[in-house]
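Please read the structure below before turning to the comments.
The values are calculated or read from the model by the stated rules, or taken from the named source; none is laboratory data. Just so it is clear, the model here is predicted, and its values are computed rather than measured. Backbone-built Cβ (ideal geometry, glycine too); neighbour counts: all protein chains shown. Accessible surface areas use protein heavy atoms only, side chains included; no ligands, DNA or RNA. Shrake-Rupley method; radii C 1.70, N 1.55, O 1.52, S 1.80 Å.
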Amino acid sequence: MKPFSKILAAIDFSENSECAFDLALTLATQFSAELTIVHVINEPVDLRGFYVPHISFEQLEKEIEESAVKMMETFCQSKLKGFANYKTAIVTGIPYDEIIAAAERIDASLIVLGTHGRTGLDRILFGSTAERVVRSAACPVLTVRLPVT
Ligand code: AMP
């Protein structure tokens, strides 16, 4: 088995993924691994100006990307104090597909994600990202549940 030299943490900015991230950071520190933090902007289903013709698709896409970059910066500032061996990636697409593709691109030795994400409804409609990543990833996957209080 490959040592944990490259860890990918998938975050959707939910409490659950933050909890998973904390563990990914602990592991990256202990294994002196490089940490890649990935956020996937969910592929818009139909945002091509049909419902909101006064906003162009390009404008909407640009605003979504800018907002995602800011969220990632804020997240890194608050979480990564002192840890410098990291990269971030913001990609657009279907979360489980993009998480797996990013893991392959960086040759990840471990993927860390939460068991639940941001929206309950998405999950009901589109299924579990965690489940799909576990099923298809070529490397080990660690799923982290929020502690029960
Ligand atoms: P889910 O199965 O969709 O409820 O989400 C489970 C976990 O997958 C989350 O806690 C995140 O770690 C990861 N995840 C879900 N959606 C995304 C996304 N858009 N970008 C990055 N990671 C995600």
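What to note about this one:
- All positions within region 89-104 that are open to solvent by 70 Å² or more (accessible area, probe 1.4 Å) and in contact (Cβ under 8 Å) with a residue 12 or more places away in the chain: 94, 104
- Residue count for region 76-88 satisfying the condition of being away from the ligand (no atom under 15 Å from the Cβ) and either open to solvent by less than 60 Å² (accessible area, probe 1.4 Å) or among the aliphatic types (A, V, I, L, M) (or both): 3.
- Count of residues meeting criterion [part of a helix (DSSP H, G or I) and aromatic (Phe, Trp, Tyr)] in region 9-32: 1
Yes/no per residue for (1) among the polar types (S, T, N, Q); (2) at pLDDT 95 or above:
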position: 6; (1), (2): no, yes
position: 30; (1), (2): yes, yes
position: 42; (1), (2): yes, no
position: 50; (1), (2): no, no
position: 59; (1), (2): yes, no
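- Selected residue (criterion: farthest from the ligand (Cβ to nearest atom)) from residues of region 1-33 that are surrounded by fewer than 17 Cβ atoms within 10 Å (Cβ to Cβ) and among the charged types (D, E, K, R): 2
- Scanning region 117-133 for residues that are surrounded by 14 or more Cβ atoms within 10 Å (Cβ to Cβ), at pLDDT below 90 and more than 12 Å from the chain's Cα centre (by Cα) yields 122, 123, 126, 128.
- Checklist (1) acidic (Asp, Glu); (2) surrounded by 13 or more Cβ atoms within 10 Å (Cβ to Cβ); (3) modelled with pLDDT of 90 or more applied to residue 107, failing item: (2)
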